[in-house]
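This report refers to the structure that appears directly beneath it.
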Amino acid sequence: MVAYHYYYRVGVYSATQMKTETLPDISIPYLMVMGVYPGATPEQVMEEVSIPIERAVENLDHVKSVYSNSNSNMASIQVEYEYGIDMDEAKRALASAMDSLTLPEGAQEPIITAISMNMMPVVALSVSSTTEDIVELTSTVEDILLPKIEKINGVASATISGQHIEEVELTYDEEKMAQLGLTKDSVKQMIQAGNLAVSLGLYEFEEGEQAVAVDGKFMTIEELKGMLIPVTPSEANPSPFVKLGDIATVEKAGR
């Protein structure tokens with residue numbers, strides 16, 4: 001009985017004195033670069049921030065892969081390195097590459113952070129609305145809520161899931177397009193150019209400074225069908241425009 005109490009007390013003492021950690025601080029070969037470009041659309045962030053950063057780091061020593069995510073006002077680039085290298089030295093080399101990078105006027109200096117096993121999701125939020133449908137709510141979360149969360153001090157990244165993604169399939173009337181002097185590539189470029197949100201920059205409102213953009217994105221199939229494609233007027237077609245729905249069948253392909 002005496003021996004039992006002795007081992008019990010030793011066990012309790014050891015358990016209370018042990019340093020525990022759910023996830024040990026393991027060094028993993030990843031670094032993250034965060035680039036902030038206030039007032040920019042996702043397309044502008046990709047072209048003017050994400051791609052230049054990718055090109056600056058992809059040829060650095062021991063870099064294995066580069067991944068990027070471009071959102072309104074912000075770019076997130078993850079750099080994967082080979083295992084076993086000196087990550088402190090890798091961070092210094094990455095910082096040197098960022099120092100020599102030329103970014104657009106208004107873009108902030110990129111911030112480099114190390115990724116560890118402790119960088120796991122700590123907050124999960126759900127969003128619902130009594131006034132917006134799933135399409136409108138998805139746009140609100142992607143364009144307004146997500147960028148604000150990503151700007152919070154200490155937040156390395158934020159992602160969304162369960163959002164509405166609708167795809168369409170276009171079947172072109174090649175004979176009619178040939179009569180109008182159009183090609184698949186030219187129409188595709190016009191659709192891409194018309195389906196953009198154009199940033200107007202930052203403006204001061206009563207509640208503070210906010211990014212303002214003209215949203216030209218298509219929200220429904222009917223809007224896409226009604227897109228006007230410029231053509232050269234002819235005797236058979238005197239109008240300088242033709243609707244996309246008149247030269248192609250637009251159908252929902254899936255989500």
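Structure notes:
- Qualifying residue in the range 122-135 (condition: in the same structural domain as G154 (by TED's automatic domain parsing), outside any loop (DSSP other than H, G, I, E, B) and surrounded by fewer than 15 Cβ atoms within 10 Å (Cβ to Cβ)): yes
- Close Cβ contacts (under 8 Å, 6 or more residues apart or on different chains) running from residues in the range 82-99 that are over 16 Å from P52 (Cβ atoms) to residues that are of a type in the set (F, W, Y) and surrounded by 13 or more Cβ atoms within 10 Å (Cβ to Cβ) comprise M87/Y81; A90/Y81.
- Within the range 73-86, the set of residues being touching a Leu at 6+ places or on another chain (Cβ under 8 Å) and surrounded by 18 or more Cβ atoms within 10 Å (Cβ to Cβ) comprises V79, Y81.
The values are calculated or read from the model by the stated rules, or taken from the named source; none is laboratory data. The structure displayed is predicted, hence computed values, not measured ones. Backbone-built Cβ (ideal geometry, glycine too); neighbour counts: all protein chains shown.
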